[in-house]
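Okay, structure first, notes after.
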Amino acid sequence: MIESHLGLGVTENLKNQLIDVHAAIEKKRMETEEALYHHDLSLKDYAEAFDELTITFQRQTAEILNSDKYETLFGLKPGDMITLADPDIISPLSSDKSIDDDEDMPQGPTHG
């Protein structure tokens, strides 16, 4: 995406900085998903943590790129932050349920 959006003028140093930011955010995202899976986070807490990671990624990327390159890469101006999750739409009931409860899984046909 870096090369296709920003062209051949991207230095290896710049590309490596962006890759490092992406890798660090992905590592934290996986840790957050693991915490959700092990019920160490509620769905609402997960959504909030995911949004924090999204904002952190945008801020760190904006520190590396100049405004023109940032806008070319993301279609946004630095500082125009977006989030991907909405913790407010998660109901209290759904945030207390396990994502792998047996009762939510189809049981398939029964033979009787």
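The values are calculated or read from the model by the stated rules, or taken from the named source; none is laboratory data. As the structure is a prediction and not an experimental result, all values here were calculated from the model. Here the Cβ positions follow ideal geometry from the backbone for every residue, glycine too, while neighbour counts run over all protein chains shown. Each accessible area value is taken on the protein alone, full model and side chains, heavy atoms only, with ligands, DNA and RNA left out. Shrake-Rupley method; radii C 1.70, N 1.55, O 1.52, S 1.80 Å.
Grab the other residues whose beta carbon is less than 13 angstrom from that of Ile25, score K and R as +1, D and E as -1, and report the net.
For residues surrounding Ile25, the net value is -2.
Give me the net charge for the shell around Ser67: Cβ to Cβ below 13 angstrom, other residues only, Lys and Arg +1, Asp and Glu -1.
Within the 13 Å Cβ shell, the charges total -2.
Using the reciprocal of the averaged 1/r over all distinct C-alpha pairs, how large is the Kirkwood radius of the range 24-78 in Å?
12.3
Over the range 25-93, what percent of the accessible surface lies on carbon and sulfur atoms, probe 1.4 Å?
It is 53 percent, rounded to a whole number.
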